[in-house]
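Structure first, commentary second.
The values are calculated or read from the model by the stated rules, or taken from the named source; none is laboratory data. Note that this is a predicted model, so its numbers are computed, not measured. All Cβ positions, even for glycine, are placed from backbone atoms using ideal geometry, and neighbour counts span all protein chains on display. Accessible surface is based on the protein model in full, side chains and every heavy atom, while ligands, DNA and RNA are left aside. Shrake-Rupley method; radii C 1.70, N 1.55, O 1.52, S 1.80 Å.
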Amino acid sequence: MTFEQAKALLAQKGQMQLLKYYDELNAEEKKNLLDAIENINWSFEEDLANPVDMSGKNRDISPISGLRLSAIEARKAEFEEIGVQAIKDGKVAAVLLAGGMGTRLGVDGPKGAYDIGLTKPLYIFEQQMRNLQEVNEKCGAIVPLYIMTSDKNHAQTTSFWKEHNYFGYPETEVKFFKQDMAPAVDYDGKIILERKDMPALSPNGNGGWFASLQRAGLCEDLHKRGVEWLNIYAVDNVLQRIADPVFVGATIESKVNCGAKAIFKTNPYEKVGVLCKDGNQPDIIEYYELTDEMANERDENGDLVYSYGVIMNYLFSLAKLEEIVDKKIPVHIVEKKIECLCEDGVTRKPEKENGKKFETLAVDLIKLMGSVLPYEVVREKEFAPIKNKTGVDSVESARELLKLNGVEL
Ligand code: UTP
């Protein structure tokens with residue numbers, strides 16, 4: 001794109017601030033800026049003009065039933081056999097969502113490269129791969145792994161994996177793909193400048209993972225391998241059980257399009273999204289959308305009826321994903337602290353929120369999948385999220401849970 005083209009485009013869009021420092025830039029920086037402007041995804045304009053109502057008040061929410069631990073235990077051997085066979089037959093692949101910026105943890109670089117070890121290094125990626133390797137050993141197969149990164153961490157992530165010999169995986173079985181970026185805007189809808197030659201761009205949430213995987217040409221690879229199920233999981237749970245044969249078997253046996261691992265809520269106010277139904281469709285309701293009455297509603301056994309709290313570990317049918325990939329999922333507009341170019345020419349992160357980011361969420365795919373199996377897991381064995389450095393869902397709490405599960409730190 002030439003300067004004249006950029007100027008015409010930005011004048012029409014009301015975004016001329018992006019060219020404010022153009023004359024001060026050297027040739028390379030000018031090119032960077034023009035390239036970035038050319039690649040801006042303008043769909044945020046429509047999202048800002050017509051924000052989706054996320055309040056849930058127009059929904060017809062009711063509880064959903066699922067598989068409790070006792071029911072899983074009773075049929076464990078049967079489920080496991082089905083799952084192991086599917087993995088042996090190459091029908092299951094794993095997809096790691098690692099495009100996030102991990103701002104709450106506040107470290108530079110990919111969150112998965114964070115060292116949670118105490119006496120020796122233990123990286124988050126490494127710990128998760130140990131769990132996956134256990135499954136491979138049990139099944140005598142290798143579950144192919146696809147890793148989603150973003151422009152913010154792609155180079156660092158790929159070189160980290162290479163440096164660590166793919167944590168024992170054959171290089172051919174690990175493939176990386178990048179998610180899309182979205183611009184961040186100020187409260188007047190103007191795109192923020194991060195540097196003189198760069199608009200503020202950030203990963204556009206984890207909801208577009210399948211579209212990005214498809215755009216990267218990886219669906220062909222999945223079909224060639226005969227994959228039918230994709231187990232997506234978040235980078236920040238160090239107790240994540242990936243391609244868990246019992247879960248895989250239970251999902252396949254239930255003839256649903258999606259399985260969702262969940263912890264069973266015992267505290268009505270726990271801050272996790274819960275599986276539910278909206279009319280006849282499966283859905284997820286966020287903890288802040290539950291009314292007091294709903295949060296406290298109990299069944300005849302005294303259990304909370306809105307109880308299956310999701311932990312970002314889903315098994316999706318590839319065929320169904322391909323069917324729904326072009327459907328629009330809601331874009332969440334979130335206020336954030338966005339790094340920006342200050343008056344003195346230095347880029348800083350502000351003390352308080354200064355603008356908005358646009359994100360889609362993987363949980364919003366559940367509704368489109370049409371059917372879901374809520375699948376309870378033992379919280380202490382499978383859920384150790386790392387969102388913060390200290391306190392709740394932190395490096396500290398995850399370390400305690402790892403120790404509890406016999407992992408040497
Ligand atoms: P979070 O919602 O915890 O976001 O991501 P985050 O970016 O990692 O952390 P904060 O909010 O900045 O502190 C849950 C999972 O989704 C992935 C993350 O990498 C993590 O595995 N994710 C999130 C993406 O892959 N892309 C995104 O755009 C956002």
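List of remarks:
- Test result for Asp89, on the phi < 0 side of the Ramachandran plot and more than 16 Å from the ligand (Cβ to nearest atom): yes
- Test: residue in the range 111-118 that is over 26 Å from Phe247 (Cβ atoms) and outside any loop (DSSP other than H, G, I, E, B): yes
- All of (1) out of contact with any Ser or Thr (no Cβ under 9 Å at 6 or more places or on another chain); (2) buried (at least 20 other Cβ atoms within 10 Å of the Cβ) hold for Val378 with one exception: (2).
- Condition met for Ala6 (surrounded by 17 or more Cβ atoms within 10 Å (Cβ to Cβ), away from the ligand (no atom under 16 Å from the Cβ) and touching a residue at least 40 places away in the same chain (Cβ under 8 Å)): no
- Some residue of the range 158-168 being within 14 Å of the ligand (Cβ to nearest atom) and of a type in the set (S, T, N, Q): no
- Of the residues in the range 64-73, not one is touching a residue at least 40 places away in the same chain (Cβ under 8 Å), within 16 Å of the ligand (Cβ to nearest atom) and surrounded by fewer than 18 Cβ atoms within 10 Å (Cβ to Cβ).
- With respect to the conditions (1) touching a strand residue (DSSP E or B) at 6+ places or on another chain (Cβ under 7 Å); (2) more than 29 Å from Ser254 (Cβ to Cβ); (3) within 16 Å of the ligand (Cβ to nearest atom), Leu122 lacks only one, and its number is (3).
- Matching residues in the range 311-328 - criterion: being open to solvent by less than 20 Å² (accessible area, probe 1.4 Å) and among the aliphatic types (A, V, I, L, M): Ile311, Leu315, Leu318, Leu321, Ile324
- Entirely in the range 8-104, the helices (runs of 4 or more DSSP H) that have 3 or more residues that are modelled with pLDDT under 95 and under 30 Å from Glu353 (Cα atoms): 43-49
- Search result, residues across the range 259-278 that are in a strand (DSSP E or B) and hydrophobic (A, V, I, L, M, F, W, C): Ala260, Ala262, Ile263, Phe264, Val274, Leu275, Cys276
- Test: residue in the range 171-178 that is in contact with a strand residue (DSSP E or B) (Cβ under 8 Å, 6 or more places away or on another chain), within 15 Å of the ligand (Cβ to nearest atom), at pLDDT below 95 and among the charged types (D, E, K, R): no
- Residue within the range 97-116 that is surrounded by 14 or more Cβ atoms within 10 Å (Cβ to Cβ) and more than 16 Å from the ligand (Cβ to nearest atom) present: no
- Residue check for Asp221: open to solvent by 20 Å² or more (accessible area, probe 1.4 Å), more than 16 Å from the ligand (Cβ to nearest atom), farther than 23 Å from Ile386 by Cβ and without any contact (Cβ under 8 Å) to a residue 12 or more places away in the chain: no
- The helices (runs of 4 or more DSSP H) found entirely in the range 289-393 that carry 2 or more residues being modelled with pLDDT of 95 or more, charged (D, E, K, R) and over 30 Å from Ile192 (Cβ atoms) are 318-324, 379-382.
- Number of the condition not met by Met1 [criteria: (1) open to solvent by 60 Å² or more (accessible area, probe 1.4 Å); (2) assigned to a helix (DSSP H, G or I)]: (2)
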